[in-house]
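Reviewing the structure listed below.
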Amino acid sequence: MKVLFTSLVLLVTIPLLSQNIGTEDRVMAIYFGGGSYYVDREQANDLEDFINEIDDFREYEVELHGHTDNIGSLEFNQYLSAMRCEAVLNEILRLEVDPSIITVHDFGELSPLYDNDTWVGKRKNRRVDVVLRKVVM
């Protein structure tokens, strides 16, 4: 997989399996501590930079993909995924992005991209992916 890193911004050149990310889509991951849905100031600033790179939002839709590790109950992880998405959504709305172009997908622990049998994988699965999906005109 070819991935270019700019801070926490990922420019994905092939689809991520669980999220159907296209070649022209832009993805940024916001990471969380275990059981947390707090967006720290550094990641909020990175998100602002990521959003401000887009000149014309009429060419994009915004998707939030919430994920958790597999620690805790299925119900709690679904709740945590929703709360993480809500926290990121609030940060995006603060940047005056039109809410009508934003959709939220709470995957909870059901669609891990990384191996939840390892601590590294668990840490990487505690995230919300902000997907800027190019709209086909």
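What to note about this one:
- Estimated distance in nm for a label pair at LEU110 and ASP40, the labels positioned 7 Å out from Cα along Cα-to-Cβ: 3.1
- Remark: the stretch 58-131 carries 51 Å² of accessible area per residue (probe radius 1.4 Å; ligands, DNA and RNA excluded).
- Under-5 Å amide H pairs with TYR60, H placed in peptide plane, nonlocal only: VAL135
- In order through the stretch 66-82: 3J(HN,Hα) via Karplus (6.51 cos²θ - 1.76 cosθ + 1.60), integer Hz, x for Gly, Pro: x, 9, 9, 7, 9, 7, x, 6, 4, 5, 5, 5, 5, 4, 4, 4, 5
- Applying 1/(1 + (r/R0)^6) with r as the Cβ-Cβ distance of ARG58 and ASN90 and R0 = 30 angstrom yields a FRET efficiency of 0.85.
- Counting DSSP beta bridges with both ends in the stretch 48-137, the antiparallel % (nearest 5): 55
- For TYR114, the accessible area of its heavy atoms, probed at 1.4 Å with every protein chain present, is near 80 square angstrom.
The values are calculated or read from the model by the stated rules, or taken from the named source; none is laboratory data. Predicted, not measured: the structure shown is a model, and the values here were computed from it. Glycine gets a Cβ as well: all are built from the backbone with ideal geometry, and neighbour counts include every protein chain shown. For the accessible areas, the whole protein counts, side chains as well, though only heavy atoms, and no ligand, DNA or RNA atoms are used. Shrake-Rupley method; radii C 1.70, N 1.55, O 1.52, S 1.80 Å.
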